[in-house]
Amino acid sequence: MNCITNVEFRQGSGKVKAWGKIVISDAFSFDIRVLEGSKGIFVGLPSEKREIEGKVEYKDLVRTTNKETYAAFQKY
């Protein structure tokens, strides 16, 4: 079952190659970024920048629950 029902993209700049929106089962949507990293192009899911004890880290706000779902996001 493919629950991704809509994907939209618009062009980005620099390391952000594109901004996008994923819709799940016509009921839930979230923004993504297509990024160029040191290992190539990848889909960046929503995250939040946090500073803990002077150290900056990023906490994922949306995660895939298995490798197959993550591969489906990377396919788009």
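Accessible area of the chain with a 1.4 Å probe: how many percent of it is carbon plus sulfur? Write down the numbers at each step before the final one.
Details: 2940 of 5940 Å².
Of the solvent-accessible surface of the chain, carbon and sulfur hold 49 percent.
Rg/Rh for the chain to two decimals, with Rh computed the Kirkwood way over all alpha-carbon pairs. Please list the in-between numbers first.
Working: Rg = 13.6 Å, Rh = 13.6 Å.
Dividing the radius of gyration by the Kirkwood radius yields 1.00.
Please give the FRET efficiency for Lys75 paired with Glu51, using the beta carbon to beta carbon distance and R0 = 25 Å, rounded to the nearest 0.05.
Details: r = 34 Å, r/R0 = 1.36.
The pair Lys75/Glu51 has a calculated efficiency of 0.15.
DSSP loop (so not H, G, I, E, B), at most 15 other Cβ within 10 Å: list which trypsin sites (Lys or Arg not before Pro) in the stretch 2-76 pass both filters. Walk me through the numbers before you get to the answer.
Details: sites: Arg10, Lys15, Lys17, Lys21, Arg33, Lys39, Lys49, Arg50, Lys55, Lys59, Arg63, Lys67, Lys75; in loops: Lys15, Lys39, Arg63.
Answer in residue order: Lys15, Lys39, Arg63.
Using the alpha-carbon centroid of each, what span in Å lies between the stretch 1-33 and the stretch 36-76?
Taking the Cα centre of the stretch 36-76 as reference, the centre of the stretch 1-33 is 14 Å away.
The values are calculated or read from the model by the stated rules, or taken from the named source; none is laboratory data. If you're wondering where the values come from, they're calculated on a predicted model, not measured in any experiment. When we count neighbours, we look across all protein chains shown, and the Cβ atoms used for this are built from the backbone with ideal geometry, even at glycine. Side chains included, ligands, DNA and RNA excluded: accessible areas come from the protein's heavy atoms. Shrake-Rupley method; radii C 1.70, N 1.55, O 1.52, S 1.80 Å.
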